[in-house]
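These notes concern the structure reproduced below.
The values are calculated or read from the model by the stated rules, or taken from the named source; none is laboratory data. Just so you know, these numbers come straight off a predicted model, no measurement behind them. Cβ coordinates were reconstructed from backbone atoms using ideal geometry, including for glycine residues, and neighbour counts include every protein chain displayed. Side chains are part of the model used for accessible areas, which takes the heavy atoms of the whole protein and leaves out ligands, DNA and RNA. Shrake-Rupley method; radii C 1.70, N 1.55, O 1.52, S 1.80 Å.
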Amino acid sequence: MTRDNNHTFSLKLAALIGEIYPEVDANILASQVIDAFFPEGTHRRKRGRVPGNGQWSERDSLLITYGNSFVDGQHKPLDLLYDFLHRHLNGVIAGVHILPFFPYTSDDGFSVTDYYAVNPVLGDWADISRIAAEFNLMSDLVLNHVSSQSNWFNAYLQGHEPYDRFFFEANPTDDLGSVVRPRTHPLLRDVDTANGPRHVWCTFSHDQVDLNFANPEVLLEFLRVMRMHVEKGVRIIRLDAVAFLWKEVGTSCIHLPQTHAIVRLMRLLADYAIEPVILLTETNVPNAENLSYFGNRNEAHSVYNFSLPPLVLHAMMAGTARVLNRWQGTMPPAQMGCAYLNFTASHDGIGMRPAEGLLEAEEQARVIEKVRDFGGRVSMRALPGGGEAPYELNITWYDAMKGTFAGKDQWQFDRFMASQTLIMALEGIPALYIQALLGASNDIEGVEKSGQNRAINRHRWDYEDLNARLDDPESTQSRVMNELLRRMSVRRRQKAFHPNATQFTLQIDERLFGLWRQSLERDQSIFALHNVSDDALVIAPQAINLIDGANWVDLLSGEKIDPTGTEIRFAPYQCRWISNRG
């Protein structure tokens, strides 16, 4: 049996290698892949994991944070992060995504100089492993590009093997008109190398030089990085900007077949790892393109639900869930062994590409206008053939909730809570960004100092000052965090909120975003209803088919709901999770 299973693994690996590198001896490269990810001293499962729903539960959630979100001038930032997690989130938030914690030169960590080291300004590997011992830890595999000041790129400039073939080169005369761009700077950067002048490919910035995955040595190096991270306690690996991985001149250079095959190869290795390793793809693109990274249950375990942020933002500003309801009603349930990662705020801006085809141009323009009115910024991207379009909106989520299309009002806190509560109710795993968890305001000073729009939502908190705010029940930070954690605590006790539990979108009133969730065992139902407007609403219990004879209760307020009654009332932005099991 072991021989048969090893044979199955070998056949799958060889097939994937043949798909990615048809000119290479598949058997030799397969052996090198195994040595990279399963080096001497490690073991491989006899059987690969079968896709199922046991990899996560309703108790799972994530905090997204930088390693230095908290500073005090005395302790290592990772020590402070551990203290915050242990003191406030243990038993409520199950996992933490520490954004790139490696040495870097720009882009707040996403221009990596050394994947094998922890940025000494933050701490060391012992600090990372200590956090991993208490929380499911996610780390970034920034695999599309590296820093122009990295050892790899310096070796490339000097013509040293194997790095002389590590980076993707092109020529300004090449056909690059179809390349999909997330930025507006020139795609190619001129460099002088020991082998003469070259033009290297830079998708994101000229300090972030794209790697050449057509060279198998690049893939092998990243498999070694993956293995090292797993050994340090990482259990979720985020494949950053993976959509741009493979380049072919004359194409769009996004989502190419070889890119998907590389993700499938990584998934195969993860499924045979002794450790439970989950792959998450970061593809900030239109919805159908994003969903393609589930593959046939053989690519990513999880994908970001990238269309959620712009659609939720629109719903809260417009006071109607019409577009959000329509989109959610067409979303396929994640296949067995797959799960959505649901979020609104993140370290990046609110992506507008995932709203393409979902929000009409006029509605997008209204959202952009209000984001600017509420102190936000807009970052642009270059369009194929020339021109620009909004790429992302840069604003803290709390400040984005200052008002509606009608202007600022008194409902910021309630509107914010409604936006986060509906994320918790959706099929999938909820993720909270540290600045949203703390109700952060726009960091205008950070933008002015850095010259980067994204700095508006990357505030560094003085830890002593933050703790003083959290101890003050009247502060925004205390009110926001305590209520979010209260609702998350309620969520994690409900079987009907398992990431793969049944979900049906309810069409009741366009001002309500409503979902019916049912546990995998079919013994719990939750009618999750979220008022996205500043109107007081009333619906009849019969509108959501509450079964007579069951004891229905609103899990968020504790209020009993009479299925034979005449009305269920909603205050502005009130959310109700009505369940037959309190």
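In this simple spin-label approximation, Asn482 and His206 carry label points 7 Å from Cα along the Cα→Cβ vector, and these lie 5.2 nm apart. Of the solvent-accessible surface of the chain, computed with a 1.4 Å probe over protein heavy atoms with every protein chain present, carbon and sulfur atoms account for 47 percent.
Using the Cα centre of the stretch 389-436 as origin and beta-carbon charges of +1 (Lys, Arg) and -1 (Asp, Glu), tell me which of Ile434, Trp411, Asn394 is placed farthest towards the positive end of the dipole. With unit charges placed on the Cβ atoms, the residue in question is Trp411.
Compute log10 of I(q)/I(0) for the stretch 294-416 with the Debye formula, placing one identical point scatterer on every Cα and leaving out solvent, at q = 0.12 Å⁻¹, to two decimals. Taking Cα atoms of the stretch 294-416 as identical point scatterers yields -0.48. In this entry, the stretch 424-582 is assigned a mean projected area of 11.3 nm², taken as a quarter of its C-alpha convex hull surface. Computed over the stretch 240-341, the range of Cα coordinates on each principal axis works out to 46, 39, 20 Å, biggest value leading. Karplus-based coupling profile of the stretch 404-415, in residue order and whole Hz: 10, 4, 7, x, 5, 8, 8, 9, 3, 4, 5, 5, with θ = phi - 60° in 6.51 cos²θ - 1.76 cosθ + 1.60 and x standing for Gly or Pro.
Ordered by 1.4 Å accessible area with all protein chains kept, Tyr433, Tyr163, Tyr104 run largest first as Tyr104, Tyr163, Tyr433. Our summary of shape: the Cα atoms of the stretch 385-489 have principal axis extents of 51, 36, 31 Å, ordered from largest down, in whole angstrom.
The distance separating the Cα centre of the stretch 177-223 from that of the stretch 60-92 comes to 34 Å.
With respect to the chain, whose longest principal axis is taken over its alpha-carbon atoms, helix 308-318 is tilted by about 40°.
For the pair the stretch 246-325 and the stretch 398-475, the centres of their Cα atoms are 25 angstrom apart. Annotation: amide H-H contacts under 5 Å for Arg49 (H modelled 1.01 Å from N, sequence separation of 5 or more, or interchain): Tyr272. With R₀ set to 25 Å, the beta-carbon distance separating Asp535 from Gln507 gives a calculated FRET efficiency near 0.90.
A probe of 1.4 angstrom, applied to the heavy atoms of all protein chains, finds Lys46 with accessible area near 130 square angstrom. Annotation for Val121 and Arg183: the two label points, set 7 Å from Cα along the Cα-Cβ direction, are 1.9 nm apart.
Within the stretch 132-237, the proportion of C-alpha pairs whose separation exceeds 25 Å stands at 30%.
Rounded to whole numbers, the Karplus 3J(HN,Hα) couplings from phi for the stretch 424-439 are 5, 8, 6, 3, x, 10, x, 10, 10, 7, 4, 5, 6, 4, 9, x Hz, using 6.51 cos²θ - 1.76 cosθ + 1.60 with θ = phi - 60°, and x at Gly and Pro. Computed extension gain for Thr566 through Leu383, at 0.36 nm per residue and net of the alpha carbon distance, reaches 60.5 nm. The distance between label points at Ala15 and Met228 comes to 3.3 nm (points 7 Å beyond Cα on the Cα→Cβ vector). Cβ-Cβ distance of Ser557 and Arg45, R₀ of 56 Å, FRET efficiency by 1/(1 + (r/R0)^6): the value works out to about 0.75. Per residue of the chain, the DSSP helices (runs of n ≥ 4 H) give a summed -39500 (n - 2.57) that works out to -9000 deg cm²/dmol at 222 nm. Kirkwood's formula applied to the C-alpha pairs of the stretch 10-57 gives a hydrodynamic radius of 12.6 angstrom.
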